Every structure is written in structure tokens, then in C-alpha cells.
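A.B. asks: Here it is: the structure, laid out below.
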Amino acid sequence: MKSEISNLKLSVKSYGCQMNKLDTALVISALQDAGFSLTASVKDADVVLINTCSVREHAEQRVISQLGHLKHIKINKPDLVVAVIGCMAQRLGDKLLEHEAVNIVCGPTQIPQIAGLLKQALEKNEKCLAVTEKILLKTSESQNQTLETFESTYGIESSTNFHNSTIHSQYQHDKSLPHHKLRQSSVKIGAGQIPSQAFVRAMRGCNNFCTYCIVPYVRGPEVCRPPDLIIEQIKKLASEGIKQVTLLGQTVNSYKYEKNGRTWCLADLLDAAAAIEGIEWLRFVTSYPSEEFFDDILHVMAASPKVCNYLHLPAQSGSDKILRAMNRHYSAAWYLELLEKARTIVPGIAIAGDFIVGFPGETEDDFQATVELLTKARYKNSFIFKYSPRPGTTADKRLKDTVPPEVKQKRIAALLTVQEKVSGQLSRDFLGNQVKVLVEGLSKKAHINTAGGKNNPQLVGRTATDYIVVFNGPYSLTGQFANVKITKTSPLTLFGRLIKDFDL
Ligand code: SAM
Ligand code: SF4
């Protein structure tokens with residue numbers, strides 16, 4: 001076993017939501033500080049770290065099959081250390097540690113310990129388990145403090161070390177690289193970082209206990225971070241060149257923090273962050289349909305050019321019976337009124353939704369109610385999932401998974417078709433318009449669409465309203481704002497032509 005952790009190579013695989021991507025970025029940053037360097041190849045790696053998601057069974061199955069693959073690799077490479085972190089680590093704990101391939105199991109609350117756990121596994125050849133025993137209890141002050149220090153330290157580095165990354169900067173300097181190499185070089189970063197953009201956690205955990213959802217059982221109760229630390233972090237990010245910050249929380253619109261006799265809500269956070277020089281765009285995800293603070297948040301959005309006119313507000317179902325069974329505290333009609341209010345306060349706001357089809361007891365009528373809600377809601381896009389029973393949740397314990405797989409499949413396809421039609425109509429409204437985008441880098445198909453030549457590759461950016469825009473332009477625009485005239489649309493993508501300064 002290795003006794004030196006400097007110069008060891010780390011391969012990282014990350015599954016799941018933005019919250020997970022943020023954790024992955026923090027962990028990579030911490031491990032780089034500890035002396036590890038990143039490699040894209042498991043073959044070259046001394047340590048493989050997998051950040052896992054438990055929200056649906058499919059995400060867990062992918063990890064299990066990856067561990068099977070790693071077990072084979074370890075036959076010829078017995079010193080390889082495999083660390084499984086995140087929600088699945090917390091959910092399965094010592095059962096996961098029994099897997100032949102696994103050396104470390106580390107829950108989301110324990111990620112600040114990751115460098116120490118790796119050292120222990122590398123030096124002493126020990127299996128290590130670090131999870132929270134009673135996850136439903138409030139986290140202790142000392143745990144919060146440790147997480148806060150970890151977040152404040154690596155929350156800056158993880159976002160800004162992207163710019164210093166040799167892998168990424170390769171493209172800027174090596175104009176001779178073929179397109180497919182360029183694409184690879186920009187994805188190897190792997191932790192979801194996008195130049196000039198950063199994710200900042202506003203809150204951890206969730207108290208809502210929607211009956212289908214594993215999150216409260218793997219991430220624990222809701223904890224809001226102190227506003228001064230969040231604002232301090234955003235100031236530092238701005239001074240490092242970050243232009244867009246996305247505040248993260250499972251129900252981020254319910255952010256609440258009492259300080260010196262004052263209650264801070266998300267609207268206050270957005271207001272304070274908007275005053276920071278250098279920050280141009282602010283976003284927040286995900287919101288829970290609730291009256292609390294809703295108007296305040298939307299008024300800040302309407303008043304501040306920096307707060308992006310975008311709301312991700314999952315409905316989950318359009319049937320009141322199913323919403324009750326899901327323990328969602330609203331009716332379909334009330335939800336639609338909330339959307340109307342949002343559109344009145346912020347004209348032009350883009351709204352995205354989430355739905356689960358095939359929840360236990362969902363009849364054809366219930367499903368048609370969902371189709372109706374989705375049609376009326378006029379979402380820019382929706383994330384639609386088949387119900388996946390999660391062990392330990394109320395739905396799994398009390399309700400039978402009554403909807404057969406083929407019916408779930410039929411319903412998801414039908415709902416996606418309706419959404420595609422709405423998205424297509426909304427996208428077409430952009431034809432001929434000029435939009436401002438924050439450029440993220442090469443498009444997914446830049447290596448295929450090479451007609452622009454290597455000095456004018458296909459780039460991708462996003463509007464403030466979260467529309468994906470594809471156009472050709474110099475790679476040096478990555479991380480910058482650009483204006484694009486829309487010439488073609490598809491339901492999920494706008495295509496256009498870069499407007500040069502002299503065109504304006
Ligand atoms: N906190 C957010 C909210 O309240 O809407 C979203 C959290 S969850 C990680 C993201 C999405 O996964 C949910 O909006 C829901 O649509 C979906 N989801 C959660 N549990 C699921 C399950 N058991 N089966 C299928 N989809 C699920
Ligand atoms: Fe899960 Fe509901 Fe919490 Fe969202 S609000 S994380 S769906 S329990």
C-alpha cells in the first residue's frame with residue numbers, strides 16, 4: 001500500500017443533480033489540495049471516487065454495475081482504492097462496504113473527512129465507513145461548522161480552479177488540436193464546472209418528506225447556511241471572475257435564517273448578491289410550490305436585471321388525489337394560480353417543471369389531469385420521471401407500485417410529446433430575435449459540426465431564461481456574454497448567428 005498521497009492520480013465519476021455536482025467539485029478541490037491530481041482514465045488512477053445519487057433506482061444500478069467493472073480491474077490492480085461517496089453511501093452504509101471493490105463509504109455529511117479517509121485506506125489497507133447513524137436527527141453544531149468550513153474553503157477554489165486547469169486551457173493555446181480532442185479536453189474536468197459560473201449552496205437537506213422521495217433520508221433535515229457566509233463566498237467568487245451564481249437548495253425558496261433579530265429570506269439573499277460588483281446573473285434552484293416568500297422573490301426578480309427570469313417549480317402531478325398521496329401541500333388549481341401570479345409579477349418569466357408518472361394508484365384519469373396541467377402551465381421544459389420505489393420512503397412502505405412498467409413507459413412518452421409541442425411553440429417565438437447568452441464552451445456536437453473551422457467552432461450558451469443557444473464563434477468567448485440572432489429553433493435548442501460588436 002502507498003504511504004505518500006502526493007502525486008497520486010484520482011479518477012472521478014459523478015451522478016445526480018446540481019447538489020451532487022457541487023459536492024463533487026468541492027471534494028476534487030479538497031483532494032487536489034491534499035496532493036492528488038486528476039486523471040480521466042481509471043487505468044492510470046490510484047484512487048477512483050464515485051459520487052452517487054439515490055433518487056431513482058436506475059442511478060444506483062449504474063453505480064453497482066460500475067463497481068462490478070472495478071472489481072475486475074482490481075484483480076490486476078489490487079492497490080486501487082475505490083471510494084463511494086454521497087447519497088447511496090449514506091443509504092447503504094456497511095452493506096456497500098461489503099462489496100469487494102469498495103474501500104471507502106462516505107456519506108454527504110462526511111465529505112470533509114474524505115482526504116483523511118483516503119490516507120487511512122492507502123496507508124493501512126483498511127476499509128473505512130463514515131456515514132451518519134441517525135440521519136433524521138438535526139446535524140450537530142460542530143458538524144455544521146465542519147461542513148461550513150469545507151464549503152467556504154473549497155467552494156471558491158472548486159469554481160475558480162477551472163480557469164487554471166491545464167486540461168481546459170489546452171484549447172486556448174493549442175489551435176492545432178482536432179475538434180474531437182477539443183471536446184474531450186473540456187469535458188475531462190468532469191465536475192460540472194462551467195467557466196465564469198459557480199454553484200453556491202444556500203441550504204442542505206430537506207424537511208418535506210414527499211412520500212416518494214429519498215432525499216430527507218440521505219441528506220438529513222434542512223439546514224440553511226448563514227447569509228453572511230453565503231454573501232462572503234459570492235464576493236470572493238466575483239473577485240475571481242465568476243459572473244453567474246446559482247443558489248442551490250432542495251426547496252431553495254423556503255430559505256430562512258434568523259440573524260440579529262432579522263429574518264433573511266431568499267429574496268434578501270438575491271438582493272444582497274445582486275449588489276456585488278462583477279456578479280451579472282443570479283439563479284436559484286429548486287423551488288417548492290409555496291406561498292411563503294413567493295411574492296418577495298418574484299418582486300426582486302422583476303426589479304433586478306441581475307436576477308434571471310427563470311423559475312424551476314416542480315408540480316409532480318396534476319391530480320389532487322395523487323398530490324395528496326405524494327404529500328405535496330397544494331392542489332393543481334392552486335399551483336396554476338401560482339404560475340399565473342409569477343407571470344403577472346415577472347412578464348416573460350420562463351418556468352420549468354418536474355413530473356413523476358406512474359405513482360402508486362395513478363389511474364388514466366389522474367394521468368390525464370397531469371397532461372392538462374402540463375398543457376396549461378406552458379413550461380419551457382419539463383423533467384419527467386417514471387416513479388421509482390425508494391426503500392424506506394413512505395410510498396414504498398405503504399403503497400403498492402400499482403402501475404405496470406409498460407404503462408409508466410406509455411405515460412412518460414405521452415407527456416414528453418405534449419411538452420415537446422409546448423416547448424416547440426415557445427422556442428419558435430424567438431425566431432429573428434436577438435438574445436444575450438453566457439457562453440459555456442464548445443457545444444456537445446462541436447466535433448461533428450466543424451463547418452465553422454477551428455477558429456470558429458460551434459459553441460453553446462444559455463439565456464437568462466435558461467434557453468440553450470448554439471452558434472459558431474471563437475472559443476475565447478467561453479465564460480463571456482455574447483449576443484446571438486436566432487435563425488432556427490427546435491423544442492429544446494435555439495440556433496443562431498453571433499452578432500459581432502460592429503453589427504450592433
Ligand atoms: N427538491 C426538489 C422538489 O421538491 O421538487 C427536487 C428534488 S429531486 C432530487 C428531483 C426530482 O426527482 C423530483 O422533482 C422528482 O420529480 C424526481 N423524483 C424524486 N423521487 C423520485 C422517485 N422516487 N421516483 C421518480 N422520480 C423521483
Ligand atoms: Fe424530495 Fe420533496 Fe424534499 Fe424535493 S421537497 S427534496 S421532492 S422531499
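Please treat every number below as a calculation from the coordinates, not as lab data. Just so we're clear, the structure is a prediction, and the values are computed from it rather than from any experiment. Don't worry about glycine lacking a Cβ; one is built from the backbone with ideal geometry, like all the others, and counts go over all protein chains shown.
A.B. asks: With N denoting the number of residues in segment 50-91, provide Rg(C-alpha) divided by 2.2 N^0.38 Å, to two decimal places.
C.D. replies: Dividing the Cα Rg of segment 50-91 by 2.2 N^0.38 Å gives 1.22.
A.B. asks: May I pose another question? Positive end of the dipole of the chain, charges at C-beta (+1 Lys, Arg; -1 Asp, Glu), about the Cα centre: which of Thr370, Ile230, Val285 has its Cα farthest in that direction?
C.D. replies: Thr370
A.B. asks: Here is a further query. Per residue of segment 336-352, what does 6.51 cos²θ - 1.76 cosθ + 1.60 with θ = phi - 60° give for ³J(HN,Hα)? Whole Hz please, x for Gly and Pro, Karplus curve as stated.
C.D. replies: 5, 5, 4, 5, 4, 4, 4, 6, 6, 6, 10, x, x, 4, 9, 10, 10
A.B. asks: Then there's this: Any chance you could get the radius of gyration and Dmax over the Cα atoms of segment 1-69, in Å?
C.D. replies: According to the Cα coordinates of segment 1-69, Rg and Dmax are 13.0, 38 Å.
A.B. asks: Assuming R0 = 35 Å, can you tell me the calculated FRET efficiency for the pair Asp354 and Ala275, based on Cβ-Cβ distance, to the nearest 0.05?
C.D. replies: 0.65
A.B. asks: Taking segment 373-504, how much of its Cα-Cα pair set, in percent, is spaced more than 24 angstrom apart?
C.D. replies: Numbers: 3955 of 8646 pairs.
Looking at segment 373-504, the distances longer than 24 Å represent 46 percent of pairs.
A.B. asks: From the phi angles alone, apply the Karplus equation (6.51, -1.76, 1.60; θ = phi - 60°) to segment 421-429 and give each ³J(HN,Hα) in whole Hz, x where the residue is Gly or Pro.
C.D. replies: Values, residue by residue: 5, 4, 4, x, 5, 5, 5, 4, 4 Hz.
A.B. asks: Amide H to amide H under 5 Å from Glu440: which residues, 5+ apart in sequence or cross-chain, H placed 1.01 Å off N in plane?
C.D. replies: Residues meeting the amide H criterion: Val460, Gly461, Arg462, Gly479.
A.B. asks: Relative contact order for the chain: what percent, with Cα pairs under 8 Å and sequence separation of 6 or more?
C.D. replies: Relative contact order, the chain: 10 percent.
A.B. asks: Taking 0.36 nm per residue of separation and subtracting the Cα-Cα distance, what length does fully extending Glu258 through Asn144 add? Present the calculation step by step, with values, prior to reporting the outcome.
C.D. replies: Values: separation 114, 0.36 × 114 = 41.04 nm, distance 1.60 nm.
Value of the extension gain: 39.4 nm.
A.B. asks: How many lysine pairs in segment 53-133, separated by 8 or more positions in sequence or lying on different chains, have Cα atoms less than 17 Å apart?
C.D. replies: Final tally of qualifying lysine pairs is 7.
A.B. asks: Normalised by the number of residues in segment 244-397, what is the relative contact order in percent for Cα pairs under 8 Å and 6+ residues apart?
C.D. replies: Working: 245 pairs, mean separation 30.4, N = 154.
Relative contact order comes out at 20 percent.
A.B. asks: Over 17 Å apart: what share of the alpha carbon pairs of segment 407-478 falls there, rounded to a whole percent?
C.D. replies: 56
A.B. asks: Tell me which cysteines of the chain come out unpaired when the rule is another cysteine's Cβ under 4.7 Å.
C.D. replies: Result for the chain is Cys17, Cys53, Cys87, Cys106, Cys128, Cys206, Cys224, Cys265, Cys308, no neighbouring Cys Cβ within the cutoff.
A.B. asks: Could you list Lys134, Lys21, Lys341, Lys74 in order of exposure, starting from the residue whose Cβ has the fewest other Cβ atoms within 10 Å?
C.D. replies: Sorted ascending by nearby Cβ count, the order is Lys134, Lys341, Lys74, Lys21.
A.B. asks: If I model a spin label as a point 7 Å beyond the Cα along the Cα-Cβ vector, how far apart are those points for Lys397 and Lys410 in nm?
C.D. replies: Placing both labels 7 Å along Cα→Cβ, they lie 3.4 nm apart.
A.B. asks: Return a whole-number percent for the relative contact order of segment 206-260, with Cα pairs under 8 Å and 6 or more residues apart as the contact set.
C.D. replies: Details: 22 pairs, mean separation 20.4, N = 55.
It comes to 37 percent, rounded to a whole number.
A.B. asks: Can I ask one more? Show log10 I(q)/I(0) for segment 249-344 at q = 0.12, 0.13, 0.14 Å⁻¹, two decimals, from a solvent-free Debye sum over equal Cα scatterers.
C.D. replies: One equal scatterer on each Cα of segment 249-344 leads to -0.42, -0.49, -0.56.
A.B. asks: Tell me the volume per residue, in Å³, of the convex hull enclosing the alpha carbons of segment 214-265.
C.D. replies: Cα convex hull per residue, to the nearest whole number: 100 Å³.
A.B. asks: Using the Kirkwood radius over C-alpha pairs as Rh, can you work out the diffusion coefficient of segment 296-432 via Stokes-Einstein at 4 °C, viscosity 1.567 mPa s, in µm² per second?
C.D. replies: 81
A.B. asks: Also, I was wondering about something else. Amide H neighbours of Arg201 under 5 Å, at least 5 residues apart or on other chains, H built in the peptide plane: list them.
C.D. replies: Close amide H contacts, sequence-distant or interchain: Leu248.
A.B. asks: Quick one: what Rg and Dmax do you get for segment 26-101 from the alpha carbons, in Å?
C.D. replies: Rg and Dmax of segment 26-101, Cα atoms, are 12.8, 34 Å.
A.B. asks: Whole percent per 20 Å bin, from 0 to the bin with the longest distance: what is P(r) over all C-alpha pairs of the chain?
C.D. replies: Calculated over all Cα pairs of the chain, the distribution is 21, 56, 22, 0 percent.
A.B. asks: Something else now. Given the Cα-Cα distance of Phe481 and Asp33 and 0.36 nm per residue of separation, how much length would full extension add, in nm? Each step should come with its number before you reach the end.
C.D. replies: Numbers: separation 448, 0.36 × 448 = 161.28 nm, distance 3.11 nm.
Fully extending the segment from Phe481 to Asp33 adds 158.2 nm.
A.B. asks: Taking θ as phi - 60°, what are the ³J(HN,Hα) couplings along segment 354-368 by the Karplus curve (6.51, -1.76, 1.60), each to the nearest whole Hz, with x for Gly and Pro?
C.D. replies: Computed from phi, the couplings for segment 354-368 are 10, 9, 10, 9, x, 4, x, x, 6, 8, 4, 5, 4, 5, 5 Hz.
A.B. asks: Short version: what are the Cα gyration tensor semi-axes of segment 199-242, square root of 5 times each eigenvalue, largest first, in whole Å? List each step's numbers first, then the result.
C.D. replies: Details: eigenvalues 168, 22, 7 Å².
Gyration-tensor ellipsoid for segment 199-242: 29, 11, 6 Å.
A.B. asks: Ok, one more. Per the helix-only calculation at 222 nm, which mean residue ellipticity applies to the chain, given -39500 (n - 2.57) for every DSSP H run of n ≥ 4 and division by its residues, nearest 500 deg cm²/dmol?
C.D. replies: -12000 deg cm²/dmol
A.B. asks: Pull up the DSSP beta bridges for the chain and report the antiparallel fraction as a percent, rounded to 5.
C.D. replies: Bridges in the chain that DSSP calls antiparallel: roughly 35 percent.
A.B. asks: For Phe385, what residues show an amide H to amide H distance below 5 Å, using hydrogens built from the backbone and excluding near sequence neighbours?
C.D. replies: So Phe385 has HN proximity to Phe355, Ile356, Val357.
A.B. asks: Length gain on complete extension for the stretch Val418 to Leu136, per 0.36 nm per residue less the alpha carbon to alpha carbon distance? Present the calculation step by step, with values, prior to reporting the outcome.
C.D. replies: Values: separation 282, 0.36 × 282 = 101.52 nm, distance 3.86 nm.
Once the chain is fully extended between Val418 and Leu136, it gains 97.7 nm.
A.B. asks: Efficiency by 1/(1 + (r/R0)^6): what FRET value for Ala451 and Gln368, r their Cβ-Cβ distance, R0 = 56 Å, to the nearest 0.05?
C.D. replies: E between Ala451 and Gln368, to the nearest 0.05, is 0.80.
A.B. asks: Let me ask another. Please compute, over every Cα-Cα pair in segment 329-390, the percentage with a separation greater than 13 angstrom. Don't jump to the answer; show the numbers that get you there.
C.D. replies: Values: 1271 of 1891 pairs.
Roughly 67 percent, rounded to a whole number.
A.B. asks: Let me ask another. So how long is each side of segment 29-156 along the principal axes, counting just the alpha-carbon atoms, biggest first, in Å?
C.D. replies: Over segment 29-156, Cα extents along the principal axes are 44, 34, 26 Å.
A.B. asks: Once the Cβ-Cβ distance between Ser490 and Asn76 is put in as r, and R0 is 45 Å, what FRET efficiency do you end up with, to the nearest 0.05?
C.D. replies: 0.45
A.B. asks: Can I get the semi-axes of segment 463-504's equivalent ellipsoid? Compute them from the C-alpha gyration tensor as square roots of 5 times the eigenvalues, in angstrom, largest first. Display every interim value, and only then the final one.
C.D. replies: Details: eigenvalues 61, 30, 18 Å².
They are 18, 12, 9 Å, listed largest first.
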